[in-house]
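Single-structure report; data block below.
The values are calculated or read from the model by the stated rules, or taken from the named source; none is laboratory data. The shown structure was predicted, so the numbers you read here are calculated from the model rather than taken from an experiment. We place every Cβ from the backbone using ideal geometry, glycine too, and count neighbours over all the protein chains shown. Note: accessible area is taken over every heavy atom of the protein model, side chains too, but ligands, DNA and RNA are not part of it. Shrake-Rupley method; radii C 1.70, N 1.55, O 1.52, S 1.80 Å.
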Amino acid sequence: MIFYKTEEEIDMMKASANVLAQAHGEVAKMIREGITTRALDQRAEEFIRDHGGQPSFKGYNGFEYSLCISLNSVVVHGFPSDYALESGDIVSVDCGVMLNGYHADSAYTYPIGEVAPEVLQLLAETKKSLYLGIEQAVAGNRMGDVSYAIQNHVEKQGYGVVRELVGHGIGQKLHERPEVPNYGKRGSGLKLQTGLTLAIEPMVNLGTKSVIQEKDGWTIRTKDRKPSAHFEHTIVVRKDKAEILTSFDYIEKALQ
């Protein structure tokens, strides 16, 4: 079943999204060479709980952390650890917040120190593809319009679009119907209606689209071990223009 949200429900999701955006900002303030990914996870959980929320990921299907922290060739679902970030790394920070019974979900990929130009370009084009997808998330369009916009942009750059992992509906549950693939055909799939809340999240690889799952049952890595980028917003479908509920503003202010 697909759950379309009332304005009251959307307002509650906005509150979750605001705490999430600020939590991302707190993590962004700490992102630097030498910081452990475990320290980032601890700060995010502390901030979320101090602001009345719960980390959406912690305890989800047994996941033990508040953040998914995915390094370099890890696409998503990486574990925080005692690994200290090094120059040349890229790191995806994916976080969810549940407040007042509603979830918000977003992700951002950071370059650390001196990163290869082709990897910086991967980050920029993946982030751009997120917004191109969001532009298509308006009432009357089809899900395939969102998916095609993402796929078309990144494949023109020669990148691989992950097939096995997709975006999703979001609300009272972290993952709701429908799925939001990052590949597809224009004019195909579910017809979008006002009040549909989605987590749109391109996962784009510098090389092949193929991925493998590590033995831990969570970590997803590119098959060719080349870098992967991941950006995500929670949005609501509107009549003329999608409304983005999450924000990168706190992140980008911290990075200035």
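Report, by residue number, each residue of segment 50-64 that is open to solvent by 40 Å² or more (accessible area, probe 1.4 Å) and either of a type outside the set (S, T, N, Q) or not in a helix (DSSP H, G or I) (or both). Spell out the reasoning first.
Quick first cut of segment 50-64, residues open to solvent by 40 Å² or more (accessible area, probe 1.4 Å) only: 50-52, 54, 58-62, 64.
Within segment 50-64, ASP50, HIS51, GLY52, GLN54, LYS58, GLY59, TYR60, GLY62, GLU64 qualify.
Looking for something within 19 Å of THR246 (Cα to Cα), at pLDDT 95 or above, out of contact with any Ser or Thr (no Cβ under 9 Å at 6 or more places or on another chain) and small (Gly, Ala, Ser) - is there at least one such residue anywhere in segment 66-89?
Within segment 66-89, none of the residues are within 19 Å of THR246 (Cα to Cα), at pLDDT 95 or above, out of contact with any Ser or Thr (no Cβ under 9 Å at 6 or more places or on another chain) and small (Gly, Ala, Ser).
Looking only at strands (runs of 3 or more DSSP E) that lie completely in segment 140-216, which have at least 1 residues being under 14 Å from the mean Cα position of the chain (by Cα)?
167-169, 176-180, 197-200, 203-205
I need the full set of residues from segment 141-171 which are under 16 Å from ASP240 (Cβ atoms) and either touching a residue at least 60 places away in the same chain (Cβ under 8 Å) or of a type in the set (Val, Ile, Thr) (or both), in order please. Please lay out each step first, then the result.
Just the residues of segment 141-171 that are under 16 Å from ASP240 (Cβ atoms), to begin with: 141, 145-146.
Answer for segment 141-171, where residues must be under 16 Å from ASP240 (Cβ atoms) and either touching a residue at least 60 places away in the same chain (Cβ under 8 Å) or of a type in the set (Val, Ile, Thr) (or both): just VAL146.
Counting just the residues of segment 210-223 that are touching a residue at least 24 places away in the same chain (Cβ under 8 Å) and out of contact with any strand residue (DSSP E or B) (no Cβ under 8 Å at 6 or more places or on another chain), which one comes out surrounded by the most Cβ atoms within 10 Å (Cβ to Cβ)?
Of everything passing the filter in segment 210-223, TRP218 is surrounded by the most Cβ atoms within 10 Å (Cβ to Cβ).
How many residues does segment 80-102 contain that are open to solvent by 40 Å² or more (accessible area, probe 1.4 Å), on the phi < 0 side of the Ramachandran plot and in contact with a helix residue (DSSP H, G or I) (Cβ under 8 Å, 6 or more places away or on another chain)?
The total comes to 3.
Restricting to segment 1-49, what's the tally of residues that are open to solvent by 70 Å² or more (accessible area, probe 1.4 Å) and outside any helix (DSSP H, G or I)?
Qualifying residue count for the region: 6.
Of everything in segment 226-245, what is under 17 Å from GLU201 (Cα atoms) and open to solvent by 10 Å² or more (accessible area, probe 1.4 Å)? Give them in sequence order.
PRO227, ALA242, GLU243, ILE244, LEU245
Name the pairs: first residue in segment 99-110 and in contact (Cβ under 8 Å) with a residue 24 or more places away in the chain, second residue crowded, with 22+ Cβ neighbours inside 10 Å and charged (D, E, K, R), Cβ to Cβ under 7 Å, at least 6 apart or on different chains?
Between residues of segment 99-110 that are in contact (Cβ under 8 Å) with a residue 24 or more places away in the chain and residues that are crowded, with 22+ Cβ neighbours inside 10 Å and charged (D, E, K, R), the close pairs are ASP105/GLU232; SER106/GLU232; ALA107/ASP94; ALA107/GLU201; ALA107/GLU232.
LEU174 passes all but one of (1) among the hydrophobic types (A, V, I, L, M, F, W, C); (2) open to solvent by 30 Å² or more (accessible area, probe 1.4 Å); (3) under 18 Å from MET1 (Cα atoms); which number fails?
It is condition (2) that LEU174 fails.
Restricting to segment 8-38, what's the tally of residues that are touching a strand residue (DSSP E or B) at 6+ places or on another chain (Cβ under 9 Å) and farther than 18 Å from LEU99 by Cα?
9
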